[in-house]
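*Asks:* Attaching a single structure in structure tokens format; questions to follow.
All of the numbers you see were taken from the coordinates with simple rules; none came from a lab. This one's a predicted model, so the numbers in the text were calculated from it and none came from an experiment. A quick note on method: Cβ atoms are made from the backbone with ideal geometry, for glycine too, and the neighbour counts reach across all protein chains shown.
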Amino acid sequence: MDVSEGAGMWDGLGSRDIRSREMSMENISQEVLRRAEKIGPISKDVLQPLRSSVRSPDDLNWMLARLLMLSRRCPYADVRDKCLSVLQNVQDIGVQIPRTLGHGPSRFIPEKEILQVSKVNDKTQAIFEDTFAALGRLDNISLVMGFHPQYLESFLRTQHYLLQMDGPLSLHCRHYIGIMAAARHQCSYLVNLHVNDFLQVGGDSKWLNGLEGAPQKLQHLGELNKILAHRPWLVTKAHIKQLLKAEEHSWSLAELIHAVVLLTHYHSLASFTFGCGISPEIHCDGGHIFQPPSVSNYCACDIANGNGTPDEIQGKHALTDAPCEVEALMEKMKLLQECQEEMATRFEREKTESMLVAAAEEEDSVPTRDVSRHFEDTSYGYKDFSRRGEHVPTFRAQDYSWEDHGYSLVNRLYPDVGQLLDEKFQITYNLTYNTMAMHQDVDTSMLRRAIWNYIHCMFGIRYDDYDYGEINQLLDRSFKVYIKTVVCSPEKITKRMYDSFWREFKHSEKVHVNLLLMEARMQAELLYALRAITGYMT
């Protein structure tokens, strides 16, 4: 069975009409049971781990993994229940069924807390249903972003336009660029998702053997991908000229804008993926395992029992370690609002101090071949914007800003995308519930601005009207380490680092922080790329 043909059978499950879902589910049930009965009982000594690119035996493993995913992630209860029933019937025949690995959508946040959001928020539930209808899945990123439905709606609308609506680049090229971008940060979660999507829209599987198997035009994009991901301030109009003047392998301006937006989108989404500890999708590699029923008392009904794992139980924040953290931060915000100090040299001081904040130094992880083959120069990584002995001019926001320059350039060459990005940036920057942990009616604008401007400061972007002294007052060292690691070296993030900052705050607030980190990083990368394109055009 072809990948796209196999996917087509499941389309009706996204319908809002329960009868359409029932008909699709009945067809799927009959096909799965027919294949299971054809195979018959399997020896208890035989394990069948699934690889998402393998369709054996007779596609049954792929179908069973998809049923498992739907039994946990489909927004419709009738589909979840029927999938459980089909899995139980398959097990009764004697065929092994898969079980989930991991601890829900996030390794950092208890599964019950994430899934509870859609049960109490009708808007989130409606967004989940729309997403499921469009993609045939409700991915873990969307589930975690569901804490903030206003943002999620904007994010999904933008991503849908970039990947599926009319645009300069072909559908399979869009997904391949997503793979290239995610691979720079060794983000196997995003790589696996887009490998599947790339194949479903007709992409050539030879491209997945490595970047050298892709067309020259995409190979030439590798250098810009590398620099934007790790040191965007080094992008110059010479890089742009090299892509636009490559004879038969050249890019058009519109194609390049589309590619740049995709690259920055997936670099920053990799930051969010690692920053929130996003788990592999249930139906993808690392999300499930096939295990004989005789190994344990595991049965299909356990899939939906909702029991928390020991890690989840231990994952509750230890509030006793930081009894006054929130109050101390609120007091600093209040004092800063009451006094204004000189700003002349604060940016340079904060820029220098940000260099002294090292990103987390976990053991260097070697990218797995499946990820690293999608990009070149694996040793190339983040270096501080302005190191000793080097001089890189500061990027002054009033000379080239998103609002005054970048927005119009994107909208002119890739219509509507500038508007979509602008809405997403604005929603993220202004998003607030006027709460901090257990406190209500709090103005958090100063804190949100400090986080956003600290990220831009790390990338050498300066706002003349901002007092950079606020950053040191409001962001403690452990928080700065977390921010710098998520933004610059996200593959090094650990649960310990996630737990160590803002220990009294809710998980939804930490997800909010990660949205700020993701969007501020994307805008910073975009500004450098768009400034270089503008420089080439003038």
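*Asks:* Could you tell me which of rounded, prolate or oblate describes segment 405-538, using a ≥ b ≥ c as the square roots of the eigenvalues of the alpha-carbon gyration tensor, with rounded for a/c under 1.5 and, failing that, prolate when a/b is larger than b/c and oblate otherwise?
*Replies:* Values: a/c = 1.93, a/b = 1.69, b/c = 1.14.
Prolate, since a/c reaches 1.5 and a/b exceeds b/c.
*Asks:* Which of rounded, prolate, oblate describes segment 152-271, given a ≥ b ≥ c as roots of the alpha-carbon gyration tensor eigenvalues and a/c under 1.5 marking rounded, otherwise prolate only if a/b is larger than b/c?
*Replies:* Details: a/c = 1.35, a/b = 1.21, b/c = 1.12.
Rounded, since a/c falls under 1.5.
*Asks:* Could you give the length gained by full extension between residue 241 and residue 432, i.e. 0.36 nm per residue of separation minus their alpha carbon distance, to one decimal place? Mind dumping the intermediate values first?
*Replies:* Working: separation 191, 0.36 × 191 = 68.76 nm, distance 4.16 nm.
Net length gain for the segment: 64.6 nm.
*Asks:* Could you give the radius of gyration (one decimal) and Dmax (whole number) of the Cα atoms in segment 469-538, in Å?
*Replies:* Answer for segment 469-538, Rg first and Dmax second: 15.2, 51 Å.
*Asks:* Under a straight-distance cross-link criterion of Cα-Cα below 27 Å, which lysines are reachable from residue 38, leaving out those fewer than 8 residues away in the same chain?
*Replies:* Straight-line reach from residue 38, under 27 Å: 82.
*Asks:* Suppose R0 equals 35 Å. What FRET efficiency, 1/(1 + (r/R0)^6) with r the Cβ-Cβ distance, do residue 464 and residue 171 give to the nearest 0.05? Kindly include the intermediate steps, with their values, before the conclusion.
*Replies:* Details: r = 43 Å, r/R0 = 1.22.
Efficiency computed from Cβ-Cβ geometry: 0.25.
*Asks:* Assuming R0 = 30 Å, what is the FRET efficiency of residue 494 and residue 85, from their Cβ-Cβ distance, to the nearest 0.05? Kindly include the intermediate steps, with their values, before the conclusion.
*Replies:* Values: r = 39 Å, r/R0 = 1.30.
My answer for the efficiency is 0.15.
*Asks:* Separate question: Can you return the lysines within cross-link range of residue 206? Criterion is Cα-Cα under 16 Å, with same-chain partners fewer than 8 residues away left out.
*Replies:* 217
*Asks:* What percentages make up the Cα-Cα pair-distance distribution of segment 55-148 when the bins are 10 Å wide from 0?
*Replies:* Histogram of Cα-Cα distances, whole percents per bin: 15, 44, 30, 10, 0.
*Asks:* Looking at this model, which pairs from 237/424; 112/495; 123/424; 424/506 are more than 25 angstrom apart at the alpha-carbon?
*Replies:* Working: 237/424 27 Å; 112/495 18 Å; 123/424 18 Å; 424/506 23 Å.
Going by Cα-Cα distance, 237/424 fall outside the 25 Å limit.
*Asks:* Under a crude label model (7 Å from the Cα following the beta-carbon direction), how far is residue 23 from residue 327 in nanometres?
*Replies:* 6.3 nm
*Asks:* What lysines sit close enough to residue 383 to cross-link, taking a C-alpha to C-alpha distance under 18 Å and skipping anything fewer than 8 places away on the same chain?
*Replies:* Of all the lysines, those that pass the test against residue 383 - Cα under 18 Å, at least 8 places apart if same chain - are 226, 351, 480, 484, 492.
*Asks:* I would also like to ask the following. Any number yet on Rg/Rh for segment 166-211, C-alpha, Kirkwood?
*Replies:* Working: Rg = 10.0 Å, Rh = 10.5 Å.
With Rh from the inverse mean 1/r over Cα pairs, Rg/Rh is 0.95.
*Asks:* While we're on this one: Take the alpha carbon atoms of segment 15-39, find their center, do the same for segment 232-275, and report the distance between the two centers in whole angstrom.
*Replies:* Cα centroid to Cα centroid, the span is 43 Å.
*Asks:* Suppose each label sits 7 Å from its Cα in the direction of the beta carbon; what would the residue 206-residue 404 distance come out to in nanometres?
*Replies:* Output for this residue pair reads 5.0 nm.
*Asks:* Shape call for segment 488-528 from the C-alpha gyration tensor, a ≥ b ≥ c root eigenvalues: rounded (a/c under 1.5), prolate (a/b greater than b/c) or oblate?
*Replies:* On the way: a/c = 3.76, a/b = 1.68, b/c = 2.24.
Verdict is oblate for segment 488-528.
*Asks:* With a point put 7 Å past each Cα toward its Cβ, work out how far residue 382 is from residue 412 in nm, to one decimal.
*Replies:* Between residue 382 and residue 412, the simple spin-label model gives 3.3 nm.
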